[in-house]
Every structure is written in C-alpha cells, then in structure tokens.
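Please read the structure below before turning to the comments.
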Amino acid sequence: MATPVKVHGPPLSTAVSRVLACLIEKDVPFQLIPVNMAKGEHKSPDFLKIQPFGQVPAFQDEATSLFESRAICRYICEKYPEKGNKGLYGTNPLAKASIDQWVEAEGQSFNPPSSVLVFQLAFAPRMKLKQDPSLISQNEAKLEKVLDVYDKRLGESRFLAGDDFSLADLSHLPNAHYLVNAAERGELFTSKKNVERWWGEISSRDSWKKVVDMQKQAT
Amino acid sequence: MGPKGEKKTAAALFYKLKRPSTLQHSQPTSTTMVVKVYGPVFASPKRVLVCLVEKEIEFEGVPLDLLKGEHKDPEFLKLQPFGTVPVTQDGDYVLYESRAIMRYYAEKYKSQGTDLLGKTVEERGQVENWLEVEAHNFDPHVFNLTLHVMFSSKLGIPRDENVIKESEEKLSRVLDIYEERLSKSKYLAGDFFSLADLSHLPFTQYLVGPIGKEYMITSRKHVNAWWNDISSRPSWQKVQQLYPAPL
C-alpha cells in the first residue's frame, strides 16, 4: 500500500482546495498537513524549503516535491491515470489539449478577477481589512465579460472542455464556491442560463461536497 | 518553414478557410502538417513558435495587428472568444492559450526534436510546476511592464508609474527566488531545458531590451547565466529573425 501523498496548507485556501478536489476525484489517499497562515507559518524557513514563494499548497510524494495547484493536479492525473476518475485529464491527446486550454483560460481569465473578488468580499471583512470599492467594481465587470464567453461555450458543450467533467471545470470550483456562498455574488452565475446549469452540476459532485466539508470542519 | 511569400491579412484568410461549427473538436488533418499561428510578431505567440521550432514542426504565421484592434474583430472572436493571441490552426483543429498549445505539440511530437517535457512523470511534474510559476508569478509583472513601458502610448492608455514601480519590485522578489533555484539547478525544472524555461523567452527579451531593465537579469549571477543560455538557443534566434518585435 503506497504512502499517502502530503498536501501542505489550509483547506480554506482556494488553491489548496483545488488540489484536494483533484485527489478525491482521483481516489488518491492523502494526508493534509495544516499551515497556519495567520501565524505566518507559510513564510517560515522550513516551509520556504518546499515552497520558495511562501504560498500554499505544497505537495510531496515519495518521488518528488511540487507546488502550484494546477501543476500538482496535472501531476496527480499523470501519475495515477488508472485511479478514480480516469477521464479527468482526458484519455486522448485532443481531449487533454482541450482541457489544458480551459485550465489556462481559468488561470489567465477567470482566476485574476475572481480571486480579487473572493479576497475583497469574502476574506477582507473576516480579516477586518478595508475593502476597495473601485477594485470590486472593476473586477466584477471583468468577470462578467469572462462569464459571457463561458455562457456561450456552455451552450455548445456540457462541460468546458467537452462532454465530460474535467480538470478544467474542477479548477473553477474553489473561487466560484466562495463567490456564490461567501461573497453574495451567486447572481454572477445564476443570471446566465448555461453557466447556472454548469455550476449546479459541477458544484454538486461528491468530490467537491467532501472538500466543502473539510473547509467547514476547519473553521 | 517560415512565412509564405504573399502577405495574407487575417480577414482574407477567414473568408478563405472553411470552418465547421464544431471546429474545436475536429481532428487535425495531417496532410500538410503546417501549423498556422496567429499574431506571430507578438510575445505570447512566440512561445508557441519557439516550441514548434524546437520540435521541428512546420508553421506559418498569420498576421494579426493587435495595435489596430484586429483581435477584437468578430471573425477573430469566433476562433478565440477571449480575443487574445496566439491561436493555432492545424487543418481544422483550433487551439488557444500559448501554454496549452505548447503542451499539446511537445507531447504529440515527444519523439521528435528537443524533448521539452522531461523524461519521467516526476520530471514532467517539475516542468508543470515551473511553467505555472512563470504563468502566475513571473508573467503578470513582466506583462504589466510591457503594457505600460512599451505599449501604453500606442494603445492610448495612460502610462502608470505606480504600476511600473510595483511590478518591478514584485518581479525583483520573484527573480531572487529564481536566483536561488538556478544556483542549484541548471534549468528551472532540473538539469534539462524544458517548456518551463522556454515560456520565459519572449517577455524576458522585452525586459532586457525595450523595457530597459536588463540589470534585473545581469545583476543576478545564475539568472544571468540561465538567460544567456536559453536566449542564445538557435530556436529563439530564428523566431526573432522571422518575426521581429513590433516595437
């Protein structure tokens, strides 16, 4: 029986939860090692050895040490192709390319504005930090435009990269979850017919429900 | 390989090419094996061009003038709904996002040309790790510098000195981490050149050239050695010759 892989970071972190969702989809046993960011543990010399940018998550298995959530997800899929959801990263090169394209779209177009909104609307108040209204409205406008593109795509395709749930959809779960459930921005998703349908499907997956449970237990 | 003799505008090509509605999922037709790359003079498409040269894949640049707003043309948005470059067209098969395109061709032609993905799953993991670092920690800051220092007047947007200053500070901290990494490892993912290093070429060339911040590279011994190594690769020399930067 292989040693469980290690994920370092708090489950409340969007990037950490991206990796957790992937591990659960792939049925890969893991050990979650807490990192107390309020106490600055992510900037400690020991942590910087495994993640020199001082960000979460960091990942270790017997063979290697990695960081960057989307890289970790790809590695998990490539290392364990036969486990869990076998199609998560595609089962042929064209499917995989389409998934990579939409993971990139998430990283380059969806993540920047949604991250700002998640921080401003969900985290800043809890951390008693001042919100920036112009930053909020700018990024809401950006995200609306991105979701317009998504709505068109999802009118032609059940999931972003094709007919099956993939890493591309999974990659969106963490930020979207907070926007809907902790930032009162559910309307961004419900006001667009196809995006609403897609969000309903991907957020009700068992794997994501398990991650949300882990987040609830951590608070 | 290289551009055809006649100059083709993007618009002319749109009307020439037949495009089925489910273009994304068409099979690539390998009869001609010439990959069309839109916007070849710009930085992000150059990642793809270098990759194709390294992999010995024939390509053809399709001009698209971002400075004239051609990327917002409705016909182009049908190919790339986010309105950015590059887009590649391989027969009827369309793909966008430079790092997705690179991964596809590097993997499809793994046994041809330079191996850009490492030899094992673990090495591939390191390539993915540092490619994501480039995308999320390096690119945003150097992109801001590119936008404000090089292109602001051309695009009619105000040059923001605060953004320039902040971006340089953030990039500086990132390069300190690169310096540490490259003191232990010849290339970013390990002792082999990979997509992770390649992805840095176009915007770093802007940084040391028209952006005027070469000192950020030359003041760091290992980053400097790494930059000299990767930027002197024949593939990068070739791409710059074929498609000189717009500024």
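Going through (1) within 18 Å of B:Asp191 (Cα to Cα); (2) among the acidic types (Asp, Glu); (3) under 17 Å from the mean Cα position of the chain (by Cα) one by one, B:Glu97 falls short only on (1).
Table: residues versus (1) within 26 Å of B:Gln205 (Cα to Cα); (2) within 15 Å of the chain's Cα centre (by Cα); (3) modelled with pLDDT of 95 or more.
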{"position": "B:Pro40", "(1), (2), (3)": "yes, yes, yes"}
{"position": "B:Glu58", "(1), (2), (3)": "yes, no, yes"}
{"position": "B:Gly61", "(1), (2), (3)": "yes, yes, yes"}
{"position": "B:Leu77", "(1), (2), (3)": "no, no, yes"}
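All conditions but one from (1) within 12 Å of chain A (Cβ to nearest Cβ); (2) closer than 24 Å to B:Gln240 by Cβ; (3) of a type outside the set (S, T, N, Q) apply to B:Phe82; the one that does not is (2).
If I go through segment B:96-150 residue by residue, how many of them are more than 9 Å from chain A (Cβ to nearest Cβ), open to solvent by 20 Å² or more (accessible area, probe 1.4 Å) and β-branched (Val, Ile, Thr)? Result for segment B:96-150: 2.
In segment A:44-75, the qualifying residues are those that are β-branched (Val, Ile, Thr) and more than 9 Å from every other protein chain (Cβ to nearest Cβ), and the one that is farthest from the chain's Cα centre (by Cα) is A:Ile50.
Every residue, every condition in (1) touching a helix residue (DSSP H, G or I) at 6+ places or on another chain (Cβ under 8 Å); (2) acidic (Asp, Glu), yes or no:
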| site | (1), (2) |
| --- | --- |
| A:Glu144 | yes, yes |
| A:Glu156 | no, yes |
| A:Gly162 | yes, no |
| A:Ser171 | yes, no |
| A:Glu184 | yes, yes |
| A:Val195 | yes, no |
| A:Val211 | yes, no |
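Answer yes or no as to whether B:Phe76 is within 12 Å of chain A (Cβ to nearest Cβ), over 20 Å from B:Cys51 (Cβ atoms) and in contact (Cβ under 8 Å) with a residue 12 or more places away in the chain. Can you show your working first?
On the way: within 12 Å of chain A (Cβ to nearest Cβ): no; over 20 Å from B:Cys51 (Cβ atoms): yes; in contact (Cβ under 8 Å) with a residue 12 or more places away in the chain: yes.
In short, no.
A count restricted to segment B:138-157 and to residues that are in contact with a helix residue (DSSP H, G or I) (Cβ under 7 Å, 6 or more places away or on another chain) and without any contact (Cβ under 8 Å) to a residue 40 or more places away in the chain stands at 3.
Looking at B:Ser194, is it over 19 Å from the mean Cα position of the chain (by Cα) and either open to solvent by 20 Å² or more (accessible area, probe 1.4 Å) or not acidic (Asp, Glu) (or both)? No. Looking across segment A:84-119 at every residue that is among the polar types (S, T, N, Q) and not in a helix (DSSP H, G or I), the one that is farthest from the other protein chains (Cβ to nearest Cβ) is identified as A:Asn85. The residues listed here are A:Asp169, A:Asp151; of these, the one that is charged (D, E, K, R) and open to solvent by 20 Å² or more (accessible area, probe 1.4 Å) is A:Asp151. Checking each residue in segment B:197-216 for being open to solvent by 30 Å² or more (accessible area, probe 1.4 Å) and acidic (Asp, Glu) picks out only B:Glu214.
The values are calculated or read from the model by the stated rules, or taken from the named source; none is laboratory data. Just so we're clear, the structure is a prediction, and the values are computed from it rather than from any experiment. For neighbour counting, all protein chains shown are included, and Cβ atoms are generated from backbone atoms with ideal geometry for every residue, glycine included. Heavy atoms of the whole protein, side chains included, go into the accessibility calculation; ligands, DNA and RNA do not. Shrake-Rupley method; radii C 1.70, N 1.55, O 1.52, S 1.80 Å.
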